[in-house]
Structures are given as structure tokens and as C-alpha cells.
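For reference, the structure I am asking about is given below.
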Amino acid sequence: MTAEEILEGKVLLIDKPLKWSSFQAVNKLKYVLKNQLNLPKKFKIGHAGTLDPLATGLLIICTGKFTKRITEIQAQAKEYTGTIVLGATTPSYDLETEVDATFPTEHISEALILETTKQFIGEIDQKPPVFSAIKKDGKRLYEHARAGEEVEIQSRKTTIHEFEITRIQLPEVDFRVTCSKGTYIRSLAFDFGLALQSGGHLSALRRTKIGDYSVENGVTPDDFEKSLLDEI
């Protein structure tokens, strides 16, 4: 990989590690590319679709003229795998916050779980989590949430193309989902628990595909650095 290629434009597939923010991943690549390839202090680089720190998987990073394709890439269908824990909710709908309520799960059977997934296929109304980066009244929702402020969140239309259950070992349920841009899998986990007359939150999430791009072809930021050093 050369400085000319990066400045001209590249699409880099990164497998974002757990607890890294998307911003951290971009900054790591920016630092590595700048220092190893002697790039100018400012060059075009950005990512196509944020991943929460507690999610892993495909983060697409674009450089040069390919930064113009970010909006187009973000608009493509996405695939995720993960785990929903039934019988409990958290304010953030994932493990970022502590369990705030517990619910019965004795009535939940494999048949009920499989039947309930059908309610979520197609276009659905979904409320983003209160712990999200969406702006309301000039502040991000998570800022309102951390300040203990009540905020009215508008539901939005999103599309679930596939919702496949891959393992059931209550209270855990593993899944694979393909969905449209703007879908919150944390909200899906919460709503799924509700539909089962229980509670639910996300305990693991991995983005595996965006359009035709797959995490199988991605590398971690550290491995990206190593491979770049090997080339030089």
C-alpha cells in the first residue's frame, strides 16, 4: 500500500475490536498511515457507519476520493449476529448499563421464540435507545440520559429483511439479522423481549456485512499496522 493509493482513495475493511469506539479505530489508522507512509498532516479519511464500543465487527474506513462514497455505503443493507438475554432489561438495552428490571421466562418456549420473530420481519416501527448518539434539542440522547432527563423519542420506520434464531439456551438467544440502514439492534432486542411478554437486552453484537463487504475480509487495527510495516 502506497501513500499515492491512500491519497487517491481506498476502501479499508476493519474488524473493530470490543470496547474500541469507531472514532478510535479511525484515529489509529490515521496515525499509522500518516507515520508509516509520510502522508500530509491532513488527508481525507472517515468511516461508513458507527459501531458501538460494545459491538465488534465490520467497520468500513474510506480514504481520499472514496470518502465521497461513505453515504452510499452506509445506505446498504447490514448483517449482524449476536446474543439477546431474555428476562431482564437495561436502560441502554445492552451491557453498557446495569439491569434495571427482571421478568419471568418460564412461559417462553422454542416454538414461541421462533413464532415471535415473524412479527419483526418487514417494515417495522422502532424507537432508538435513549442511550444513542441521535441529537434531540441540540444534545445527543445519551447526554440527556446520563443527566437523568426524560426525553420523548420519536419512533422511525426501519426494515428487517431476515431475523434468524441460531441458538436457544435460555435465557440466551443467538440470532442473525439483516436489516436496513438506521436499524438499532439494541432496540430490536428490547422489543423482542417485550413481544415475548418478558424483557430482553443485548449481551453481544457483531456486524458481519455491509452490502457486499464482509468482515471475513477485514483485519483488526493492530493487524493492519503489522501488515503495513511488513510491506515497507
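If His144 passes every condition in (1) loosely packed, with under 15 Cβ neighbours inside 10 Å; (2) modelled with pLDDT under 95 but one, which one does it miss?
(1)
Go through Leu59, Leu37 for me and flag whichever is modelled with pLDDT of 95 or more and either touching a Lys or Arg at 6+ places or on another chain (Cβ under 6 Å) or open to solvent by less than 60 Å² (accessible area, probe 1.4 Å) (or both).
One residue alone meets the criteria, Leu59.
Still on this structure: Can we say Glu5 is touching a strand residue (DSSP E or B) at 6+ places or on another chain (Cβ under 9 Å), at pLDDT below 95 and either under 16 Å from Ile210 (Cβ atoms) or open to solvent by 50 Å² or more (accessible area, probe 1.4 Å) (or both)?
Yes, satisfied.
Let me ask you something else. Which of the strands (runs of 3 or more DSSP E) found entirely inside the range 44-139 contain at least 3 residues meeting this: closer than 21 Å to Tyr184 by Cα and out of contact with any His (no Cβ under 9 Å at 6 or more places or on another chain)?
55-63, 78-86, 122-126
Which residue is modelled with the lowest pLDDT, if the candidates are limited to the range 95-132 and must be within 19 Å of Thr183 (Cβ to Cβ) and surrounded by fewer than 12 Cβ atoms within 10 Å (Cβ to Cβ)?
Per the criteria, the residue is Asp125.
Quick check on the range 76-90. Is at least one of its residues under 30 Å from Leu7 (Cβ atoms) and either surrounded by fewer than 17 Cβ atoms within 10 Å (Cβ to Cβ) or in contact (Cβ under 8 Å) with a residue 12 or more places away in the chain (or both)?
yes
Residue under question is Leu196, and the condition is that it be closer than 10 Å to Leu86 by Cα, touching a Gly at 6+ places or on another chain (Cβ under 7 Å), in contact (Cβ under 8 Å) with a residue 12 or more places away in the chain and hydrophobic (A, V, I, L, M, F, W, C); does it hold?
No: the conditions fail for Leu196.
Which members of the range 185-227 meet the condition of being surrounded by fewer than 17 Cβ atoms within 10 Å (Cβ to Cβ) and part of a helix (DSSP H, G or I)?
Hits for the range 185-227 are Leu194, Ala195, Glu216, Asn217, Asp222, Asp223, Lys226, Ser227.
So which residues in the range 155-172 are hydrophobic (A, V, I, L, M, F, W, C) and within 27 Å of Gln76 (Cα to Cα)?
Result: Ile160, Phe163, Ile165.
The values are calculated or read from the model by the stated rules, or taken from the named source; none is laboratory data. All of these numbers come straight from a predicted model, not from anything done at the bench. All Cβ positions, glycine included, derive from the backbone under ideal geometry; neighbour counts span all protein chains shown. Quick note on the areas: whole protein, heavy atoms, side chains included, nothing else; ligands and nucleic acids left out. Shrake-Rupley method; radii C 1.70, N 1.55, O 1.52, S 1.80 Å.
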